[in-house]
Amino acid sequence: MNNLIKGEKYDWEMVIGLEIHAQVKSNSKLFSSSSTKFGSSPNSQVSLVDAAMPGMLPVINKYCVEQAVKTGVGLNAKINNYSVFDRKNYFYADLPQGYQISQYKYPIVGEGKVTIDFKDGTSKDIRIVRLHLEQDAGKSLHDQNPSKTYVDLNRSGVALMEIVSEPDIRTPDEAGMYISKIRSILMYLDTCDGNMQEGSLRADVNISVRKPGDEYGTRCEIKNLNSIKFIKQAINYEAKRQIEILESGGSIEQNTMLFNTSTGKTRPMRNKEEAHDYRYFPDPDLLPLEISQEEIVKIKSSIPELPDELKNKFIEIYRLSNYDASVLTAEKQTSDYFNKTINSDSELKKYAKIVVNWITSELFSLLNKNNLDLNNSPVSPENLGQLIKLISTNEISGKIAKDVLEDMFSSGKTARQIVDEKGLQQVTDQGEIEKVIDEVIAENPKMVEQYLAGKDKLLGFFVGQAMKLTKGKANPKILNELLINKLKK
Amino acid sequence: MSKSSLKQTLKDLDTKKISIRELNQDYLKRIKENENLNVFIYFSEENVLKQIDNLENDNSAKKLKGIPIAIKDLFCTKSMPTTAASKILENFHPTYESFITQKLLDEGSIFVGKTNLDEFAMGSATNTSFFGNTINPLSKENEPLAPGGSSGGSAAAVAADLCLGATGTDTGGSIRQPASFCGVVGIKPTYGLCSRWGIAAFASSLDQAGIFSHNVEDASILLQSIAGFDQRDSTSAKVDIPNYFENLDDDLNGKTVGIPKEYSIDGTPMEISQIWEDAIKVLEKKGVKIKNISLPHTKYALPTYYIIAPAEASSNLARYDGVKYGFRSDEIDSLDEMYENTRAQGFGREVKRRILIGTYVLSAGYYDAYYLKAQKVRKLIANDFNNAFKECDFIVTPTAPSAAFPLNEKQNDPIKMYLNDVFTVPASLAGLPGISIPFGKDKNNLPLGIQILGKHFDEQQVFNAAVSLERSYE
């Protein structure tokens, strides 16, 4: 695979690493009992601890720790029995303590890896450096008043998992696939809701460029991207910017950048002189976090099937392609839907590929058009199964089935009901089809002449005419065979 | 001045020899007579009378019902403002009650006021307070003496008999040293025995609340009331709290006392060495085995302490930024300016000095040489004690290297001031319990203190040794 991009003078390779910030799915914050509900009125979910009142102390939320361990297991990573919370010191209006509690030297999760799958059937491992727990900051609202900044502390203290990758990513698409895969794993594990719009999952992108085979170049970090689209845009823009500088003889300054979503450009956030010295040190208010092997085993046993396991299972049982299986397992709701559909009728197992296609193309496009999610699909897995059964037994044609699905989607009726009501059963009766063929031949003598003179392509015309007369119900295979025979006569 | 003890007062209240109102009127009168000592940052007669009213209508039995207690103004209290003796919290009214003051309230005690301290407990003379110096009640006329610090207000409140007990906090000696200077009893329990929840933090890994009282028995009663596990403090210990008072036993026969040779420091006044020797002799007479021990890393304790405590403080005090509560400067054209001016105007010199030291020792490039090394030395110091306690049941040393000094001495010499903590800091770093009891006088008839250190959570042994020495001295 050629991952190089062309500059004016040379070919360049991107080197990309991601720091994903995933909000831990938990009812309460990392060190306080305040609610984490999204969209509540400003400062309505702030405890004395979150507001850093004098004498207030953090107490670890054990559930968040379990969630982090679960996630570590899902990332095939080493769980550390001993980890330490540190203070990252800096001043900002929405950081009430004047420090963020994070994990620096001893993270709760160590090295791991995730696999991304390409359309061509190949796949690639992206290595994970670490996962650590940390507090989120509050929110500064600069647009509420011309001369004032307001601070909303609802998010202050919410638990985040920072997942740091090695710089193993080489293209914007890989970056997109990597974050999708992480999101998928977290959602299977139910350790993050994966909602990027609400900021539950965001990423900082580290990117540098180099000529193939060279050492890593100097990198820049693009902060706080909350959609896959923006991540790709930002990477593309930033890579071009760096290449232009390098090709014109300049050098890259290590910098923290912000991405402007309306202009599609990156710009430096702060310069070197303002670079922070965070003065990390172990938080003396908290004891080191110790997790026993037994606890880890217990948490491991509670973990559901993960996308890669499920993918391999689908490949093995249903003989699906690696790519089909990975599409199917990318989101838990999709694999759940597939499982329910294929298990709704024992016959369907033989038609797994058809089931995949009907879910990932026909049903998905209807859902997309109607801005719906698979979770609130008007067509239940059982009903889709019934439709596919009708196709597989030749009761209706694939073409008609599309109309039936649309009808099911809007009316909520079952496939059987619609097919019966509208009389859409496929015509397989030879005599009936022959009758129609005779009619078509009789009405188009000139065409028949031309066909017999060697214009084979006209067969399609006759098929179309016959289908028109049967309202698409004629079994295409039988129709074709009979038609060829009749024309030759 | 004949002072009634807490123990006796509880009896008198119980037998109705005196009413809660009469008792507290007596203390109120003395508080008003001693306003010149500047013991309290907050005192309101009305507030005290209200508490008396409430208790008079309360028929439930409570252990400390009606007992007047003074609270160091580092403990957050709902009914009284809390300042930490800083301008930055000048008008701060907590909406919550600290774990310890809540326990005291639950037991029915009456809070007479909030006592003065060094700003954010940083000092050894109660002279860095935004609200002015506290004067040691033992001062001669025209020669005001320092009460020690940082809990100088609480020590002075007990010494002047303005209450029957007071809370303090001790980070490097802030209970024991002022107790010694004011001639009262002061105990700093094991780190983790009393919850830090609701106490404005100075140095989290060292801060520990404790008690001032007229005598050891009273201290044992009061410590009992404030000790105990608190799930809101992750460093709070889950240990059984014995009934210290009931278990008091002054028979030390067969016990071993450790006498650390490193505490004989050149330049220590004769009188200090003398009372130390006297204490050892008394113990010997009581059948205690005298064991010379070595705590070899003692000399590193002060520098270690003055790295770790400021490091933690620099971070703990970051929350006072003018954004959420407390003082905010008027000169604020930008966020950075708001921070700079708020903190420049809101903090006093000593607090700023320690924030700067702490920021420095945690900075990139210096962290390993200072903070990390200090943490290692801290472990060595703790190990010294662990080894020593294999050979002895408790350790006896002087509490402070001098008696109370004149108010303005050492004011401009922080190093000299820091040397005050030389005998108290090692036990703080090791998290061990320590008590100071009055034991002898210097040539100016000022009280001197003896410090007794015990094993982790062995407050009972500390009390036993203390009560034994106290009774022999009386």
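The values are calculated or read from the model by the stated rules, or taken from the named source; none is laboratory data. Since the model is a prediction, treat every value here as computed from it, not as a measurement. So basically every Cβ, Gly included, is an ideal-geometry build from the backbone, and we count neighbours across all protein chains shown.
Could you check B:Asn142 against (1) at pLDDT below 95; (2) on the phi < 0 side of the Ramachandran plot and say which number it fails?
Against the list (1) at pLDDT below 95; (2) on the phi < 0 side of the Ramachandran plot, B:Asn142 comes up short only on (2).
All but one of (1) within 30 Å of B:Lys352 (Cβ to Cβ); (2) out of contact with any Lys or Arg (no Cβ under 8 Å at 6 or more places or on another chain); (3) not charged (D, E, K, R) hold for B:Ile280, so report the exception by its number.
Only one criterion is unmet by B:Ile280, namely (1).
So for region B:396-406 (the condition being among the small types (Gly, Ala, Ser), under 23 Å from the mean Cα position of the chain (by Cα) and surrounded by fewer than 23 Cβ atoms within 10 Å (Cβ to Cβ)), does at least one residue qualify?
yes
Restricting attention to region A:77-96, which residues are assigned to a loop (DSSP other than H, G, I, E, B) and not aliphatic (A, V, I, L, M)?
Of everything in region A:77-96, those that are assigned to a loop (DSSP other than H, G, I, E, B) and not aliphatic (A, V, I, L, M) turn out to be A:Lys78, A:Asn80, A:Asn81, A:Phe85, A:Tyr90, A:Phe91, A:Tyr92, A:Asp94, A:Pro96.
Can you find a residue that is touching a residue at least 12 places away in the same chain (Cβ under 8 Å) and over 18 Å from A:Glu134 (Cβ atoms) anywhere in region A:52-71?
The initial filter retains those residues of region A:52-71 that are touching a residue at least 12 places away in the same chain (Cβ under 8 Å), namely A:52, A:57-61, A:63-71.
With the extra rule that they be over 18 Å from A:Glu134 (Cβ atoms), the set shrinks to none.
For region A:52-71, residues touching a residue at least 12 places away in the same chain (Cβ under 8 Å) and over 18 Å from A:Glu134 (Cβ atoms): absent.
What residue, among those in region B:238-271 that are under 22 Å from B:Asp106 (Cβ atoms) and out of contact with any Ser or Thr (no Cβ under 7 Å at 6 or more places or on another chain), is surrounded by the most Cβ atoms within 10 Å (Cβ to Cβ)? If you could, list the steps in order and put the result at the bottom.
The first filter runs over region B:238-271 and keeps only residues under 22 Å from B:Asp106 (Cβ atoms), leaving B:238-246.
Adding the requirement that they be out of contact with any Ser or Thr (no Cβ under 7 Å at 6 or more places or on another chain) leaves B:238-243, B:246.
On the way: B:Lys238: 9, B:Val239: 14, B:Asp240: 7, B:Ile241: 18, B:Pro242: 16, B:Asn243: 11, B:Glu246: 10.
Per the criteria, the residue is B:Ile241.
All but one of (1) in contact with a Lys or Arg (Cβ under 6 Å, 6 or more places away or on another chain); (2) surrounded by 20 or more Cβ atoms within 10 Å (Cβ to Cβ); (3) more than 14 Å from every other protein chain (Cβ to nearest Cβ); (4) farther than 19 Å from A:Glu290 by Cα hold for A:Asn154, so report the exception by its number.
The number of the failed condition is (1).
Inspect all residues belonging to region A:174-192 and state whether any of them is of a type outside the set (D, E, K, R), buried (at least 16 other Cβ atoms within 10 Å of the Cβ) and more than 25 Å from A:Lys78 (Cα to Cα). Walk me through how you get there before you give the answer.
First, the residues of region A:174-192 that are of a type outside the set (D, E, K, R): A:175-180, A:182, A:184-189, A:191-192.
Keeping just the survivors that are buried (at least 16 other Cβ atoms within 10 Å of the Cβ) gives A:175-179, A:182, A:184-189, A:191-192.
Those still in the list that are more than 25 Å from A:Lys78 (Cα to Cα) too: none.
Among the residues of region A:174-192, not one is of a type outside the set (D, E, K, R), buried (at least 16 other Cβ atoms within 10 Å of the Cβ) and more than 25 Å from A:Lys78 (Cα to Cα), which makes the answer no.
Tell me whether region A:373-390 contains one or more residues that are free of Cβ contacts under 8 Å to residues at least 40 places away in the same chain, over 30 Å from A:Met187 (Cβ atoms) and assigned to a helix (DSSP H, G or I).
The answer is yes, given that some residue of region A:373-390 is free of Cβ contacts under 8 Å to residues at least 40 places away in the same chain, over 30 Å from A:Met187 (Cβ atoms) and assigned to a helix (DSSP H, G or I).
Take the residues of region A:30-71 that are more than 14 Å from chain B (Cβ to nearest Cβ) and of a type in the set (Lys, Arg): which is surrounded by the fewest Cβ atoms within 10 Å (Cβ to Cβ)?
A:Lys37
I'm trying to understand the selection: among the residues of region B:50-73, which are assigned to a helix (DSSP H, G or I) and either within 14 Å of chain A (Cβ to nearest Cβ) or among the acidic types (Asp, Glu) (or both)? I'd like the intermediate steps shown before the answer.
Initially, region B:50-73 is screened for residues assigned to a helix (DSSP H, G or I), giving B:50-56.
Scanning region B:50-73 gives B:Asp53, B:Glu56.
With the requirement that a residue be facing chain A (nearest Cβ under 10 Å) and modelled with pLDDT of 95 or more, what does region B:349-365 give you? Break it down stepwise before answering.
Of all residues in region B:349-365, those facing chain A (nearest Cβ under 10 Å) come to B:358-365.
B:Gly358, B:Thr359, B:Tyr360, B:Val361, B:Leu362, B:Ser363 - these are the residues of region B:349-365 that are facing chain A (nearest Cβ under 10 Å) and modelled with pLDDT of 95 or more.
Please enumerate the residues belonging to region A:160-209 that are over 21 Å from A:Phe38 (Cβ atoms) and hydrophobic (A, V, I, L, M, F, W, C).
If the condition is that a residue be over 21 Å from A:Phe38 (Cβ atoms) and hydrophobic (A, V, I, L, M, F, W, C), then A:Val164, A:Ile169, A:Ala175, A:Met177, A:Ile185, A:Val205, A:Ile207, A:Val209 are the ones that fit.
On the given criteria, is A:Glu238 out of contact with any helix residue (DSSP H, G or I) (no Cβ under 7 Å at 6 or more places or on another chain), part of a helix (DSSP H, G or I), of a type outside the set (Phe, Trp, Tyr) and farther than 23 Å from A:Thr171 by Cβ? Steps first, please.
Numbers: out of contact with any helix residue (DSSP H, G or I) (no Cβ under 7 Å at 6 or more places or on another chain): yes; part of a helix (DSSP H, G or I): yes; of a type outside the set (Phe, Trp, Tyr): yes; farther than 23 Å from A:Thr171 by Cβ: no.
In short, no.
Mind listing whichever residues of region B:94-128 are among the β-branched types (Val, Ile, Thr) and surrounded by fewer than 24 Cβ atoms within 10 Å (Cβ to Cβ)? Steps first, please.
Pass one, region B:94-128, residues among the β-branched types (Val, Ile, Thr): B:95, B:100-101, B:110, B:112, B:115, B:126, B:128.
Answer for region B:94-128, where residues must be among the β-branched types (Val, Ile, Thr) and surrounded by fewer than 24 Cβ atoms within 10 Å (Cβ to Cβ): just B:Thr95.
Which one is nearest to the chain's Cα centre (by Cα), of the residues in region B:74-109 that are away from every other protein chain (no Cβ under 11 Å) and closer than 14 Å to B:Phe40 by Cβ?
Only one residue tops the list, namely B:Ala85.
Going through region B:274-284 one residue at a time, which ones are surrounded by fewer than 16 Cβ atoms within 10 Å (Cβ to Cβ) and touching a residue at least 40 places away in the same chain (Cβ under 8 Å)?
Answer for region B:274-284, where residues must be surrounded by fewer than 16 Cβ atoms within 10 Å (Cβ to Cβ) and touching a residue at least 40 places away in the same chain (Cβ under 8 Å): just B:Gln274.
Among the listed residues A:Gln103, A:Gln97, which satisfies the condition of being more than 18 Å from the chain's Cα centre (by Cα), polar (S, T, N, Q) and within 14 Å of another protein chain (Cβ to nearest Cβ)?
A:Gln97
If you scan region B:173-199, which residues turn out to be assigned to a loop (DSSP other than H, G, I, E, B) and within 20 Å of B:Asn133 (Cα to Cα)? Don't jump to the end; show me each part of the working.
So the first thing to find is which residues in region B:173-199 are assigned to a loop (DSSP other than H, G, I, E, B), and the list is B:173-175, B:183-184, B:189-198.
Matches in region B:173-199: B:Gly173, B:Ser174, B:Ile175, B:Gly183, B:Val184.
Return the residues of region B:321-339 that are facing another protein chain (nearest Cβ under 10 Å) and charged (D, E, K, R); say none if nothing qualifies. Don't jump to the end; show me each part of the working.
Step one: filter region B:321-339 for residues facing another protein chain (nearest Cβ under 10 Å), giving B:321-326, B:335-336, B:338-339.
If the condition is that a residue be facing another protein chain (nearest Cβ under 10 Å) and charged (D, E, K, R), then B:Asp321, B:Lys324, B:Asp336 are the ones that fit.
Test A:Leu186 against the stated conditions and say whether it is under 27 Å from the mean Cα position of the chain (by Cα) and in a strand (DSSP E or B).
Details: under 27 Å from the mean Cα position of the chain (by Cα): yes; in a strand (DSSP E or B): no.
For A:Leu186, the condition - under 27 Å from the mean Cα position of the chain (by Cα) and in a strand (DSSP E or B) - is not met.
Please give the strands (runs of 3 or more DSSP E) falling wholly within region B:208-320 in which 1 or more residues are more than 14 Å from chain A (Cβ to nearest Cβ) and touching a Gly at 6+ places or on another chain (Cβ under 9 Å). Break it down into steps so the answer makes sense when it comes.
Numbers: elements: B:208-213, B:256-260, B:289-293.
Of the strands (runs of 3 or more DSSP E) lying wholly inside region B:208-320, those with at least 1 residues that are more than 14 Å from chain A (Cβ to nearest Cβ) and touching a Gly at 6+ places or on another chain (Cβ under 9 Å) span B:208-213, B:289-293.
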